[in-house]
1. Given a 1.4 Å probe and heavy atoms of the protein chains only, how would you sort T57, T5, largest accessible area at the top?
2. Give K110/K151; K82/K125; K48/K109; K125/K151; K4/K83; K56/K125 a once-over and call out the pairs whose C-alpha atoms are over 27 Å from each other.
3. Taking K38 as the anchor, which aspartates and glutamates have their alpha carbon closer than 13 Å to its alpha carbon, excluding any fewer than eight residues away along the same chain?
4. Please give, to one decimal in nm, the separation of the simple spin-label points placed at E27 and K110, each 7 Å out from Cα toward the Cβ.
5. Please report the antiparallel percentage of DSSP beta bridges with both residues in the stretch 4-156, rounded to the nearest 5.
6. Can you check how the C-alpha radius of gyration of the stretch 10-91 compares to 2.2 N^0.38 Å, as a plain ratio?
7. In 10 Å bins starting at zero, report the fraction of Cα pairs in the chain per bin as a rounded %.
8. Using the Cβ atoms and a cut-off under 13 Å, what net charge is assigned to the surroundings of S31, where Lys and Arg are +1 and Asp and Glu are -1?
Amino acid sequence: MAQKTNAARILDQAGIAYELIPYEVDEADLSATTVAQKVNMPPELIYKTLVTRGDKTGILIACIPAHYELNLKALAQVSGNKKMEVVPLKEVQPLTGYIRGGVSPLGTKKRYPVYFQEDMLQHEKIAVSAGTRGLQILALSQDLLRITQGKVGPIAHPA
């Protein structure tokens with residue numbers, strides 16, 4: 001049985017059903033496409049979590065499919081910013097409490113706005129990081145959207 005993470009506890013408290021999917025971590029390759037292979041799921045169902053900063057709104061969380069690239073201009077437009085940047089890696093843990101390869105849209109140190117690539121609505125369930133390397137949370141897309149108070153938009157494109 002995988003350990004419970006803050007993200008899993010948040011879902012438990014909200015009464016949201018989910019499945020924890022453990023996988024072997026390769027420190028040399030933390031990519032979401034590798035995670036998709038390890039958990040035997042298509043990359044369009046594995047959502048990676050990116051920490052970004054807008055010139056007007058500050059920190060935002062962007063969740064996009066494993067094989068997609070974030071479109072900073074599109075995220076800026078959807079979130080009401082003029083400019084966006086991906087937060088430098090050294091700032092990710094102080095801002096979120098999570099390390100690279102284990103950032104979850106749930107249970108960050110502070111509650112940040114969350115934006116999902118709109119494709120998530122085409123899938124009944126998607127997986128996001130459980131908040132630690134080596135563990136994914138698979139849950140209903142609508143539940144993840146609701147619990148994160150997330151918004152959807154065309155924020156990414158296939159890499």
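The values are calculated or read from the model by the stated rules, or taken from the named source; none is laboratory data. Here the structure is a predicted model, which means the values were calculated and not measured. For neighbour counting, all protein chains shown are included, and Cβ atoms are generated from backbone atoms with ideal geometry for every residue, glycine included. Note: areas computed on protein heavy atoms with side chains; ligands, DNA, RNA excluded. Shrake-Rupley method; radii C 1.70, N 1.55, O 1.52, S 1.80 Å.
1. Working: T57 70, T5 15 Å².
Correct descending sequence by accessible area is T57, T5.
2. On the way: K110/K151 17 Å; K82/K125 32 Å; K48/K109 18 Å; K125/K151 16 Å; K4/K83 36 Å; K56/K125 32 Å.
From K110/K151; K82/K125; K48/K109; K125/K151; K4/K83; K56/K125, over 27 Å: K82/K125; K4/K83; K56/K125.
3. Within the straight-line limit of under 13 Å, K38 reaches these aspartates and glutamates: E24, D26, D29.
4. 3.1
5. Values: 22 of 29 bridges.
Within the stretch 4-156, antiparallel bridges account for around 75 percent of the total.
6. Working: Rg = 15.1 Å, N = 82, 2.2 N^0.38 = 11.7 Å.
The stretch 10-91 yields a ratio of 1.29.
7. Calculated over all Cα pairs of the chain, the distribution is 11, 44, 38, 7, 0 percent.
8. Values: positive: K38, K48, R100, R133; negative: D26, E27, D29, E69.
Around S31, the surrounding residues sum to 0.
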